[in-house]
1. Can you tell me which of Leu61, Leu81, Leu110 is assigned by TED's automatic domain parsing to the domain that holds Glu10 and over 22 Å from the mean Cα position of the chain (by Cα)?
2. Which of the residues that make up segment 66-88 are polar (S, T, N, Q) and surrounded by 16 or more Cβ atoms within 10 Å (Cβ to Cβ)?
3. Considering only segment 2-24, I want to know if a residue exists there that is in contact with a helix residue (DSSP H, G or I) (Cβ under 6 Å, 6 or more places away or on another chain) and either outside any helix (DSSP H, G or I) or among the hydroxyl-bearing types (Ser, Thr, Tyr) (or both).
4. I need the full set of residues from segment 85-115 which are within 30 Å of Glu41 (Cβ to Cβ) and not in a loop (DSSP other than H, G, I, E, B), in order please.
5. Might you let me know whether segment 33-40 holds any residue that is part of a helix (DSSP H, G or I) and either closer than 30 Å to Thr126 by Cβ or in contact with a Lys or Arg (Cβ under 9 Å, 6 or more places away or on another chain) (or both)?
6. Give me the pairs, please: first residue somewhere in segment 1-13 and loosely packed, with under 14 Cβ neighbours inside 10 Å, second residue anywhere and part of a loop (DSSP other than H, G, I, E, B), beta-carbon distance under 8 Å, and either six or more positions apart or on two chains.
Amino acid sequence: MTSLRQRMVEDMQIRNLAVGTQQVYVRQVSLFARHFHKSPELLGPEQIRSYQIHLTNEKKLDTNTIIVAMSALRFLYKITLKRNWSLDEAIPAPKKPRKLPVILSPEEVLHFLNCVASRKHRAILTTCCLRSFLRFLFTTDGITRNLSTAVVGPTLYAFEC
């Protein structure tokens, strides 16, 4: 084990990072060093940028994987090597893509609820659907609505069994 790797592992142990996190960070730093065939001590922000582009464009890795790799490099350079770089500029983290939730149509909700045989379980699911629906109503506009308007509204009838 190299002295740099040993020091990084000790730094992670001192900060009580999980064993899994330690293993992943060491692996990511090792892959980074292998990519350039040099010690990370000899590499700088330009190589980090180049490596991030490599992970994104050539290896086509998932955003979360790239975030982990960049977190490992941030730890190495900030904590272990004590580099005084502006880390947001030197090692930028990619933005996670936002995924829209799957929203069932009123017909799909009714079909789902009608498939439940037990009245008790259907009542529980109906309550959950109603709660989710009301939460959706109150958070989509950005304004507070009168509860009676939300409960009496025409879209609520889709949740009745």
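1. Leu81 is the lone residue from the list that is assigned by TED's automatic domain parsing to the domain that holds Glu10 and over 22 Å from the mean Cα position of the chain (by Cα).
2. Ser71, Thr80, listed by residue number.
3. Checking segment 2-24: not a single residue is in contact with a helix residue (DSSP H, G or I) (Cβ under 6 Å, 6 or more places away or on another chain) and either outside any helix (DSSP H, G or I) or among the hydroxyl-bearing types (Ser, Thr, Tyr) (or both).
4. Once the filter is applied, which keeps residues that are within 30 Å of Glu41 (Cβ to Cβ) and not in a loop (DSSP other than H, G, I, E, B), segment 85-115 yields Leu87, Asp88, Glu89, Ala90.
5. Taking every residue of segment 33-40 in turn, none turns out to be part of a helix (DSSP H, G or I) and either closer than 30 Å to Thr126 by Cβ or in contact with a Lys or Arg (Cβ under 9 Å, 6 or more places away or on another chain) (or both).
6. If the second residue must be part of a loop (DSSP other than H, G, I, E, B), the pairs left are Thr2/Ser39.
The values are calculated or read from the model by the stated rules, or taken from the named source; none is laboratory data. Nothing here was measured: the structure is a model prediction, and the numbers come from that model. Heads up, the Cβs are rebuilt from the backbone with ideal geometry, glycines too, and the neighbour counts pull from every protein chain shown.
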